[in-house]
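Q: Would you mind keeping the following structure in view while I ask a few things?
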Number of protein chains: 2
Amino acid sequence: MEKIRVIQWGLGNMGKGMVDMLLTKEGVEVVGGIERRLEKPMDLGVYLGREKMGIPVSANPQEIVERTEPDVCILAIHSFVRGVVEEISFLVSRGIQVITIAEEMAYPFVTEPKLSREIDELAKVHGVTVLGTGVNPGFILDTLIIQLSLGVRRVDSIRARRVNDLSPFGKTVMEEQGVGRTVEEFTQGVKDGTIYGHVGFLQSIPMVAKALGLSYDEIVQTREPIVSKVRRETPEVVVEAGNVAGCNHTAVALKDGKPVITLEHPQQVRPDLEGIGTGDYIEIFGDPNLSMVITPEVPGGIGTIAAAVNVIPLVLQAAPGLKTMADLPVAHAIMDDFRNHI
Amino acid sequence: MEKIRVIQWGLGNMGKGMVDMLLTKEGVEVVGGIERRLEKPMDLGVYLGREKMGIPVSANPQEIVERTEPDVCILAIHSFVRGVVEEISFLVSRGIQVITIAEEMAYPFVTEPKLSREIDELAKVHGVTVLGTGVNPGFILDTLIIQLSLGVRRVDSIRARRVNDLSPFGKTVMEEQGVGRTVEEFTQGVKDGTIYGHVGFLQSIPMVAKALGLSYDEIVQTREPIVSKVRRETPEVVVEAGNVAGCNHTAVALKDGKPVITLEHPQQVRPDLEGIGTGDYIEIFGDPNLSMVITPEVPGGIGTIAAAVNVIPLVLQAAPGLKTMADLPVAHAIMDDFRNHI
């Protein structure tokens, strides 16, 4: 069997990280890249500021796909279904398997039922799989909760919390989370939708609920400013004491007014400056209770890169259609030849 | 679709627990029980010391299978492949899906390659699935390690530790673990094989290694007495200070003399009396590191009962053959109708 041929669509921080990870792995090769911001085609090595690699990168998907005949594409360009649906259709119609880290694609069936159905049908027609993955949604606040419930006889409710440090992230993330703003600016930003916190609760909650057979009436989200008591500084932003260090975004699925699934994701810069440790926390209340802690948290960037690359063999052999992490066999790191897992 | 019809083979503590759990679940029904120790057929309710349930229990498998026409059997009679292979053949030949908590069956391919092949072939001929599961092996020290590696780019080594309290268990377990013995008696028991600690390391290690593509040259096991500094007492046993409270059983997979996978399972009565907390601990060393803690540990008995019942829908729709937990989609608790998951 030949090496698995992968193209990377989107060469920002995530896309570059996936290329670097793929270069360390056996049985899989990067054969091309697509980056819309590119003005003219170039070599991937040159694009990355290194030696020539003989791998083409272009803004033209058609050109790359025809030149490289890939088996699978990792799509890392946008958070929303509507921002990736055209690209997915393009790829699927050419018989290319798709792994995307678009957060909404982790479980798009509730927020985008029509587009989900269309993607699923198209993928089935062309005999390929489309999967949304990433560290969150895709892993910590959904797949891992589902997995941990295996040893539980009765689940009454679930509470999970992912506490991370936004410091490594850039300007866009700081703006989306309201970092460095005054409390008034934050409140206004939440109102007008420019500050929206985490994209993923409306995917993770229905994914967990469907898997475990839990029902709920509504999902209530809150976005509160994390007001810093101290001055916090990163290369990207300065937060004065009294201003906003991040967004405490929570989502609660309620049944008859009682919480069934509560997900909390306070994201901020330098939580350590107020003695707040980072970590992933999952509690299942039922028979028996279960309490899990991962400290520090599975890092967002690296975790997403790893998840997208590690699932390649599972996607290549999954049944055609639009799938979620809960549909696939247990996904995991791969240290030998990727082809051994097919 | 009719309710899923389950027979419970083996009605000891585990089997009784599975029956009780199944009775609380929708879309699935216990239609019969098999218990070899029974002198004459009786009603399951009467056997459990309750009201009549109209469900037959017998020492005769043929009789129960013919009367009840089950879809699936949960087999809870023995720890070893050789202790369940005849029963599995009997069930599989009659087109009945098999879930067993026999520890060795969680990943029998290395310790029992010939029997594994035979079971796999027979299951394929008859179009049914055979799965070994349980809390450990089957979940904490293998499936969960595999799952947690998803967010890791490079795995160098793994160390996991399951610390539990043996107090709820009976005489057999106390003897297998050497609880209450003198250090001399313990050492002799390990030598002559009467004290053997945990059954599962020789399954969990190859299961994790295969999934992650890690290689090793050999597995080295050690069984050390946990010598109590204080007097410990349970309804079953008394441990005088200076005597053995349990067995610290470890297994290390070595590659070129270096540990690749280290699993530790110190099992003892009343660890709390020396201030030792119970818990499940998983560390992955690589890029990045990961450190997970579940405290207290997922309880052994309840966790095994839950795992065996919760996997029923996955087993009913798995491809025919001898499968492991790593082959199936992510397994989980089920709070709605079991038939919704098929």
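Q: Being in contact (Cβ under 8 Å) with a residue 40 or more places away in the chain, within 7 Å of chain B (Cβ to nearest Cβ) and of a type outside the set (D, E, K, R) is the filter; apply it to segment A:332-342 and report the residue that is most open to solvent (accessible area, probe 1.4 Å).
A: Top of the filtered list is A:Asn340.
Q: Any residue at all in segment B:313-325 that is among the aliphatic types (A, V, I, L, M) and at the interface with chain A (Cβ under 8 Å from one of its Cβ atoms)?
A: Yes.
Q: Looking at A:Val110 and the list (1) within 30 Å of A:Tyr216 (Cα to Cα); (2) within 13 Å of chain B (Cβ to nearest Cβ); (3) surrounded by fewer than 19 Cβ atoms within 10 Å (Cβ to Cβ), which single condition is not satisfied?
A: (2)
Q: Another question about this same structure. Being buried (at least 21 other Cβ atoms within 10 Å of the Cβ) and of a type in the set (A, V, I, L, M) is the filter; apply it to segment A:72-84 and report the residue that is nearest to A:Val173 (Cα to Cα).
A: A:Ala76
Q: Restricted to segment B:1-49, and to residues that are within 14 Å of chain A (Cβ to nearest Cβ), in a loop (DSSP other than H, G, I, E, B) and in contact (Cβ under 8 Å) with a residue 12 or more places away in the chain, which residue is nearest to B:Ser79 (Cα to Cα)?
A: Applying the filter and picking the extreme gives B:Lys25.
Q: A further question on this structure: Working only within segment A:270-305, note down all residues that are of a type in the set (Ser, Thr, Tyr) and either surrounded by fewer than 18 Cβ atoms within 10 Å (Cβ to Cβ) or touching a Lys or Arg at 6+ places or on another chain (Cβ under 9 Å) (or both).
A: A:Thr278, A:Tyr281, A:Ser291, A:Thr295
Q: What do you reckon, is A:Ser228 surrounded by 17 or more Cβ atoms within 10 Å (Cβ to Cβ) and either touching a strand residue (DSSP E or B) at 6+ places or on another chain (Cβ under 6 Å) or assigned by TED's automatic domain parsing to the domain that holds A:Glu104 (or both)?
A: yes
Q: Just wondering, is there one or more residues in segment A:286-297 that are more than 10 Å from chain B (Cβ to nearest Cβ), farther than 30 Å from A:Asp20 by Cβ and not charged (D, E, K, R)?
A: no
Q: Taking only segment A:277-329 into account, find how many residues are under 26 Å from A:Ser93 (Cβ atoms), among the hydrophobic types (A, V, I, L, M, F, W, C) and in a strand (DSSP E or B).
A: 1
Q: Related question: Return a yes/no flag: does segment B:234-249 have any residue that is within 28 Å of A:Leu144 (Cβ to Cβ), assigned by TED's automatic domain parsing to the domain that holds B:Lys171 and open to solvent by less than 10 Å² (accessible area, probe 1.4 Å).
A: Looking through segment B:234-249, at least one residue is within 28 Å of A:Leu144 (Cβ to Cβ), assigned by TED's automatic domain parsing to the domain that holds B:Lys171 and open to solvent by less than 10 Å² (accessible area, probe 1.4 Å).
Q: Looking at segment A:140-158, can you tell me whether even one residue there is out of contact with any helix residue (DSSP H, G or I) (no Cβ under 9 Å at 6 or more places or on another chain) and either within 27 Å of B:Leu23 (Cα to Cα) or within 14 Å of chain B (Cβ to nearest Cβ) (or both)?
A: Yes, that holds for at least one residue.
The values are calculated or read from the model by the stated rules, or taken from the named source; none is laboratory data. From a predicted model like this one, the values you see are computed outputs, not experimental measurements. No Cβ is skipped: glycine too gets one built from the backbone with ideal geometry, and neighbour counts run over all protein chains shown. Note: accessible area is taken over every heavy atom of the protein model, side chains too, but ligands, DNA and RNA are not part of it. Shrake-Rupley method; radii C 1.70, N 1.55, O 1.52, S 1.80 Å.
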